[in-house]
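The values are calculated or read from the model by the stated rules, or taken from the named source; none is laboratory data. All values derive from a computational prediction rather than experimental measurement. In this analysis, Cβ positions are derived from the backbone assuming ideal geometry, glycine residues included, and neighbour counts consider all displayed protein chains. For accessibility, only protein heavy atoms count, side chains too; no ligands or nucleic acids. Shrake-Rupley method; radii C 1.70, N 1.55, O 1.52, S 1.80 Å.
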Amino acid sequence: MSGGTTTATRAEYCVVACAEAWRGAGEVLAAPMGTVPTIGARLAKLTFSPELLLTDGEALLVGDVPAVGARAQVVEGWLPYRQHLALVATGRRHVMMGASQLDRHGNQNISCIGEWARPKRQLLGVRGAPVNTLNNPTSYWVPRHSPRVFVERVDMVCGVGFDRAAAAGPSATRFHRVPDVITDLGVFDFETPDRTMRLRSLHLGVTVEQVARATGFALTVPHKVPHTREPTAEELRLIREVIDPKALRDREVPAA
C-alpha cells in the first residue's frame, strides 16, 4: 500500500474508486446512493475535493464530514426535496446511482424486470433517473458485478444511455454525461469511439477473464488494463477511523 504496510480490502479499493469520481468536481453537490459511494464522497471532501457539497441524505447541507450514520454537527443550508430537484436541473450535481440492469451503452434500469406491461419483478420505479442523466453527471455503483446486472439490453430504460441520448438529439446530449461505472470488480467508462462500455481498471486480485465472465455483453478491453489506484495510508486512516469506523463498507463489499 502506498505510504504504509496495511493491506487495503476490496471494499476500500471501491471506496477510493468512488471518491475519484468526484476529483476536481469543484463546488457541486455530491449525491451518492449506497454505503460505499457515501464513504467515497466523504473521503473526496476530506482530501482532494474540499469544495464538494455534502448532504445528510435528507434535507440538510452539512459543513462537516461525520461518520456514516452519525449526525452532522455543522449545518450550512436547507435543501428539501423540491429544491434538490431544482438543483438537478441546473447541472450542479454529480449523482452516483445504483443499477438493477445496465447495458453496453449506459442505459440503466431500476424500474422492473421483464416486460413493462407484465413485469416479473417490480423495483423502485423510474424515479428521477431520466432527469439525472440528461441534466448532470451520473455515475453508477454496482456492488455485485454479474450478468444479471450487466445485460445486452435493459428491460426498461430509466437512466438514459449514450445511444438513446444521441437518438433524441442535441437537447438530450447537451448535458448528458456518464463518467464512471464502479463495481466490486473494477472501474468502467464509455471513452470509446462508439460510446460503449470500456474496462478502465481492475481492482487488485481481479482478472480480465473474471470481469468478462461476469458481464453479459462484450466489453471493450484495452491491451493493457491498469489496476485501480491503491488507497494511501492517510486515506485508509480516514476511511477506518473517521468516516466508517463501524466498517459498514464490508457489508456492501465483503472481503474477496
Practice task
Please state the charge dipole magnitude for the chain, taken about the Cα centre, from unit charges on C-beta atoms (+1 on K and R, -1 on D and E), reported in debye and rounded to the nearest 20.
Solution key: 560 debye
Exercise for the section: Loop only per DSSP, at most 12 neighbouring Cβ atoms within 10 Å: give me the chymotrypsin sites (Phe, Trp or Tyr not before Pro) in the stretch 45-119, ordered by residue number. Expected result: W116
Practice task
On the protein heavy atoms, probe 1.4 angstrom, tell me the percent of accessible surface of the chain carried by carbon and sulfur.
Solution key: 53 percent
Exercise for the section: Just need the relative contact order of the stretch 1-128 here, percent rounded to a whole number, with Cα pairs under 8 Å and 6+ apart. Expected result: 18 percent
Exercise for the section: Filter the GluC sites (Glu not before Pro) in the stretch 18-107 down to the DSSP loop ones having no more than 12 other Cβ atoms within 10 Å, then list what survives. Expected result: E27, E51, E58
Handout entry: Sequence-separation-based contact order of the chain, relative, with Cα cut under 8 Å and 6+ spacing, percent
Key = 23 percent
Problem - Selection of trypsin sites (Lys or Arg not before Pro), the stretch 19-80, meeting DSSP coil and at most 13 other Cβ within 10 Å - result: R23, R71
Completion exercise
For the chain, the per residue accessible area (1.4 Å probe, Å²) is 49 Å²
Fill in the blank from the handout: Looking only at lysines whose Cα falls under 22 Å of K45's and that sit 8 or more positions away or on another chain, we get K246
Exercise for the section: Give the residue from L185, V242, V75 lying farthest towards the positive end of the charge dipole for the chain; charges sit on Cβ (+1 for Lys and Arg, -1 for Asp and Glu) and the dipole is referred to the Cα centre. Expected result: L185
Problem - Inter-centroid distance (Cα atoms) of the stretch 58-93 relative to the stretch 198-256, Å - result: 27 Å
Problem - Fully extended contour minus Cα-Cα distance, from E209 to K120, at 0.36 nm per residue - result: 29.0 nm
Practice task
Of the options A218, V88, P37, report the single residue whose Cα projects farthest towards the positive end of the charge dipole of the chain (beta-carbon charges: Lys, Arg +1; Asp, Glu -1).
Solution key: A218
Handout entry: Farthest positive-ward along the chain dipole, Cα basis, beta-carbon charges - from C112, A172, V208
Key = C112
